[in-house]
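See structure below.
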Amino acid sequence: MDFLIVLPVAFLASLLSAMSGAGSAMLTTPVWLALGFPLPVAIASNQLNGAAWTLLAARNYLKGRRVDWVLIRAMILCGLAGAYAGTTIVRGVDPRLLQRVIGVIILSLVVVVALNPSLGRDESEPVLSRFVTALLAFPLGVYESFFGSGNGLFTSLLLAKGRGQTLVVSLGCYYQIAFFWNCFAVAIYSAAGLADARLMIPSTVGSVAGAYLGSRIGRHKGHDWVRGLFVLLGGVLGLKLVLGL
């Protein structure tokens, strides 16, 4: 019976996430917990799902588009360093307080995007150097290591605003980067013995199918579609974190 619930939930979560960057964990984690899976197992499964579908979504978004691969590689490395540091840093922080602070930040980003409809529609001149942008991937990696939902919003806005990329390309770049961050997390969780095939197999199958469809839709629909979902789902995620739901 779990299979009949897990697969469609994972499909829907990754479908929406692939089109917006809001993160599938905000939908999947509560369902996995309701099914009786421990939180560490639920997180481990989410990371594996991400590792399975982000590269596919990145390909769909970035195919035939100009990408700054030097910057992408630098952000991957800085983000991995942040993810490693984050496993130690966040242990002494109240997670509920931290989630509320992050919720406020996400809502602020949503307001910025909502009030600037042309943001990320066309390429523009960069306002941040590659070096500074890569360094900012460090705190994103820290965040990825303990929660991660909404990281696509942070990274996409950083690349669109800071490097002048379109929102669609920025989202594709995030998925390229997130693939490596998720693989790192999967290795850590697997080494800790937190893999559960009953959850991981059906959720991965559902996630890959949903992300493939979602990224194809997002690329085809373009900026306005992605921006609309960015605002809608980002707002839902931000409110969820602020209210502690």
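The values are calculated or read from the model by the stated rules, or taken from the named source; none is laboratory data. These numbers come from a predicted model, not from an experiment. To get the accessible areas, we keep the full protein, side chains included, count just its heavy atoms, and leave off ligands, DNA and RNA. Shrake-Rupley method; radii C 1.70, N 1.55, O 1.52, S 1.80 Å.
Between Leu4 and Glu125, the contour length at 0.36 nm per residue exceeds the Cα-Cα span by 38.7 nm. Run the accessible area of the chain with a 1.4 Å probe and give the carbon-and-sulfur part as a rounded percent. C and S atoms contribute 70 percent here. If you take the Cα centroid of the range 1-23 and the Cα centroid of the range 181-215, the two points sit 12 Å apart. Considering helices alone, the calculated mean residue ellipticity of the chain at 222 nm is -26500 deg cm²/dmol, with DSSP H runs of length four and up weighted by -39500 (n - 2.57) and normalised per residue. A Gaussian network model of the chain, with springs between Cα atoms under 10 Å, assigns the largest mean-square fluctuation among Gly193, Gly79, Gly150 to Gly193. For the chain, the longest principal axis of the C-alpha atoms and the axis of helix 69-89 are separated by about 40°. A 1.4 Å probe run over the chain, with the rest of the protein chains in place, finds 45 Å² accessible per residue. Kirkwood-type hydrodynamic radius, the chain: 17.6 Å, calculated from all non-identical alpha-carbon pairs.
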